[in-house]
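The values are calculated or read from the model by the stated rules, or taken from the named source; none is laboratory data. As the structure is a prediction and not an experimental result, all values here were calculated from the model. Backbone-built Cβ (ideal geometry, glycine too); neighbour counts: all protein chains shown. Accessible surface areas use protein heavy atoms only, side chains included; no ligands, DNA or RNA. Shrake-Rupley method; radii C 1.70, N 1.55, O 1.52, S 1.80 Å.
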Amino acid sequence: MKRLKLFLANVGRRHALYPLATPPMGIMSLAAYLRTKFDLEIRLVNQRADNISYEELAKQVVDFAPDVVGFGTLTPFGYALGPLTRAVRDAFPEALILLGGPHSSSFRAKILEDTAADAAVAGEGELSFERILEAHLGGSDFSGIPGLMWRSKEGEILTNPGTPPVVTDLDSLPLPAYDLIDVKAYWKLQSMPPVPRRKYISLLSSRGCPYQCMWCHDVFGKSFRARSAERIVDEIEYYVKTYGVNDVEFLDDIFNLEPRRVITFAEEMHRRNIRVKIAFPNGVRSDLLAEDTIDALVSAGTYFCSFALESGSPRVQTFSGKRLNIPRFLKSVELMAARRVFCNGFMMLGFPTETEAEMQETINVASNSMLHTASFFTVTPFPNTQIHAYVREHHPEKLEKLSFWDMDFCRIPVNVSDVTDETLFYYQRKAQRQFFLQPGRMFRLVRDFPQPHLLPLYVPIFISRMVKGFSRKTDTP
């Protein structure tokens, strides 16, 4: 059988105020799995890391002369998929072109309308991609693959019934294909924690989240699946020996859902005498953090942790589906900060039905907490989320001007709240000022920041958010 040439790309550019570039876990995991099933020559490209143009990315695909191409991206960069897929189709009419990632999970079959792709996968890709390749190599169509969006020979866009298959035993998966990227190149780039220039790897130890937050994606579903603590430590130990890393960042949505797994993980790290720094930039579920769990995380090497408050209003917590216990959130942050863990916060302003008083409540909770840093993002209704359905039902006119293209989380695509744009922008800027000018916060920020000498790099961002917020509107309520 002919050896297939597979090109996988993580599509998207870096922005000045959102300069993050982490190892492309999605396509790395996909590549690692597929090469255990097929005879493949694989090329991986992370456009965010290389920061090359879309034209250059297309050229690299064409130069590789692939049989199969897979593009994955976040929604803000979805506009690039049309030109990219058409460039590949023009050069290789018989190539199989596939789409995936969060954008595919959000837009579903619509993602195929403006592209030259053959199929799109919603959710995680390993099992669906395997069945696609089996069908492709066997000369059959894709009608038997549950949940797949695909284009028939007649050009009709179809969506198969059923739910895309998921991996239930994560311990059965091979390690992500770090051998297919330049690991050390990422040590020079800005990762999710505000701590660049460190010898780290990214790691995903679980998939899925059982909570029903109305804004959230559904890439991994609502069923929590986790790798064993022993398997996680095996992976860290391998990276330490192979790449010389001394820092690990977990990208899980909810690493601490099973406290016993967290404590076992810390115990296993101690038993093997593995000493690394650990960051949780994507957040933990703060109201599930008991003191023994916090002690376990800190003893294992945790130095950075993000906490997602979202809203300081109990009513909005219930309305949005997160239902976070706010007093327990504050206590968890306090316990972490007391152990000199750098604590970052995620807040959101502009929920449907949210009042000015509730926005101020969020600002007050965050400002009076022991968080070191915080970001106050705008609520954004991505397709196939509960919040998108709510806005479509109650304020459909707001979706008419909604555009995600090239958004970098510092630009507001739409205001779905019941307050005016000017009011929302006012509270965003006020949030930055009130939070960072809180007495004692700057002292603690400088004292506990993992790399104090790099703080000047972030001063322009802090000042910009205090002065401009997330928009250039005038500062009047």
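Restricting to the stretch 277-288, what's the tally of residues that are assigned to a loop (DSSP other than H, G, I, E, B) and open to solvent by less than 10 Å² (accessible area, probe 1.4 Å)? Walk me through how you get there before you give the answer.
Filtering the stretch 277-288 for residues assigned to a loop (DSSP other than H, G, I, E, B) gives 285.
Those still in the list that are open to solvent by less than 10 Å² (accessible area, probe 1.4 Å) too: none.
Here the count works out to 0.
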Could you list all residues from the stretch 110-154 that are part of a loop (DSSP other than H, G, I, E, B), without any contact (Cβ under 8 Å) to a residue 40 or more places away in the chain and under 19 Å from N10 (Cα atoms)? D114, T115, A116, D118
Positions within the stretch 89-109 being surrounded by fewer than 21 Cβ atoms within 10 Å (Cβ to Cβ) and either of a type in the set (F, W, Y) or in a helix (DSSP H, G or I) (or both), in sequence order: R89, D90, A91, F92, P102, R108, A109
Any idea which residue in the stretch 21-64 is farthest from R86 (Cα to Cα), counting only those that are among the aromatic types (F, W, Y) and assigned to a helix (DSSP H, G or I)? Y33
Residue pairs within 8 Å by beta carbon, gap of at least six or interchain, first lying in the stretch 254-271 and outside any loop (DSSP other than H, G, I, E, B), second open to solvent by less than 30 Å² (accessible area, probe 1.4 Å) and polar (S, T, N, Q), listed first then second, are P259/T293; V262/N256; V262/T293; I263/T293
Hey, can you tell me all the residues within the stretch 246-276 that are hydrophobic (A, V, I, L, M, F, W, C), at pLDDT 95 or above, buried (at least 19 other Cβ atoms within 10 Å of the Cβ) and more than 18 Å from Y186 (Cβ to Cβ)? F255, L257, V262, I263, F265, A266, M269
Looking at (1) in contact with a strand residue (DSSP E or B) (Cβ under 6 Å, 6 or more places away or on another chain); (2) of a type in the set (F, W, Y); (3) open to solvent by 20 Å² or more (accessible area, probe 1.4 Å), find the lone condition where Y243 falls short. (1)
Sort out which residues of the stretch 28-51 are open to solvent by less than 30 Å² (accessible area, probe 1.4 Å) and without any contact (Cβ under 8 Å) to a residue 60 or more places away in the chain, and write them in order of number. L40, V45, Q47, R48
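State which residue is modelled with the lowest pLDDT when the search covers only the stretch 202-223 and only residues that are under 16 Å from P164 (Cα atoms) and in a loop (DSSP other than H, G, I, E, B). Explain how you work it out, then say what you get.
So the first thing to find is which residues in the stretch 202-223 are under 16 Å from P164 (Cα atoms), and the list is 207-208, 217-223.
With the extra rule that they be in a loop (DSSP other than H, G, I, E, B), the set shrinks to 208, 217-223.
Details: G208: 92, H217: 81, D218: 77, V219: 82, F220: 85, G221: 82, K222: 82, S223: 88.
Across the stretch 202-223, the extreme among qualifying residues is D218.
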If you go through the stretch 68-81 one residue at a time, how many are open to solvent by 30 Å² or more (accessible area, probe 1.4 Å) and either at pLDDT 95 or above or among the β-branched types (V, I, T) (or both)? 0
